[in-house]
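Taking it in order: structure first as structure tokens, then the write-up.
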Amino acid sequence: MSTHAESWHAALHRLQRAGVPHALATQVTSAGSTPREPGARMVITADAVFDTLGGGTFEWQTIEAARQRLAAGEPGMSLEAFSLGGRSGQCCGGFVNVLLEVFPGSPVTLALFGAGHVGREIVRLAEPLGWQILWHDSRDDAFPAWADEIPRLECRRTPDPAAAVAGLPAGSHALVMTHDHAEDRALMDALLRRDDTASLGLIGSKSKWASFRSRLSDAGHDAESLARVRCPIGMSTGGTGGDKSPYAIALATLAELLPLTASTDRPDQRGLDPAVLRDLF
């Protein structure tokens, strides 16, 4: 177990913004002799712990319970009860209730290639969705200053399309909309060579896709693979109704993408029965 000096609240803020799976453990009640007082908190990830509930076996049991929930991708709240002299075998002999809140991280990863006008609108519109966004561009100084304020957003300067695609996690949804058609085509070629992307979208016209499809076919991609690509993006929702502004294109693109992400969403969050919470106080 790796324990870090970072406080629980600093770690919680950082992990929430990054979309990293984590759990918050809060001591909500205590009776008798206990290592810490109600209100003590600790943040737990798969390989690190921030702050402490006082140490000892009961803390180790809390960490193990959190990591089992994290490994299973089980979000929501649960109540862990510890008789320190019984369940935890500690000599202080008190009784502790710990509220365990599990945040499994972002349910969807969007790999967005291109920091132009449409890409910027997509990032702004997608912020409330809770997705992890990996934003790529090959140019220097392509990303706006406000990108630093967007949670769960990672900006990547990636001049090599193949390397950029190789660095994506499995199950990513990819949107390609760079400033250069040759770069778009190289990215599509690399993305199609992976068989673990959740969806593929390419900005452009029907004539652009006809040209790309021919070139990609010559590169060895079969009809079944090419059929996975949505181009023009946003058209399955009725398009933009003639509005070609970046905002309208971004809105139609996300409307098309939302149902495609449903299969990668986490299970419904498991809440703690309100009656249990009432009984604690």
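The values are calculated or read from the model by the stated rules, or taken from the named source; none is laboratory data. Computed from a predicted structure; not experimentally measured. All Cβ positions, glycine included, derive from the backbone under ideal geometry; neighbour counts span all protein chains shown. Remember, those area values only see protein heavy atoms, side chains included, never the ligands or the DNA or RNA. Shrake-Rupley method; radii C 1.70, N 1.55, O 1.52, S 1.80 Å.
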Qualifying position, being part of a helix (DSSP H, G or I) and either more than 28 Å from A262 (Cα to Cα) or in contact with a Cys (Cβ under 7 Å, 6 or more places away or on another chain) (or both), among L251, L216: L216
Residue within segment 175-191 that is aliphatic (A, V, I, L, M), closer than 15 Å to F113 by Cβ and either at pLDDT below 95 or open to solvent by 50 Å² or more (accessible area, probe 1.4 Å) (or both) present: yes
When residues of segment 9-42 are limited to those that are hydrophobic (A, V, I, L, M, F, W, C) and part of a strand (DSSP E or B), the one modelled with the lowest pLDDT: A31
Test result for I233, at pLDDT 90 or above, not in a helix (DSSP H, G or I) and not acidic (D, E): yes
Hits in segment 11-53 (condition: among the acidic types (D, E) and out of contact with any strand residue (DSSP E or B) (no Cβ under 9 Å at 6 or more places or on another chain)): D47
Of all residues in segment 238-270 being of a type outside the set (K, R) and modelled with pLDDT under 60, the one that is surrounded by the fewest Cβ atoms within 10 Å (Cβ to Cβ): D268
Pairs, first modelled with pLDDT under 95 in segment 134-152, second of a type in the set (A, V, I, L, M) and open to solvent by 50 Å² or more (accessible area, probe 1.4 Å), C-beta under 7 Å, six or more apart: none
Boolean, E59 is modelled with pLDDT of 85 or more, open to solvent by 40 Å² or more (accessible area, probe 1.4 Å) and not β-branched (V, I, T): no
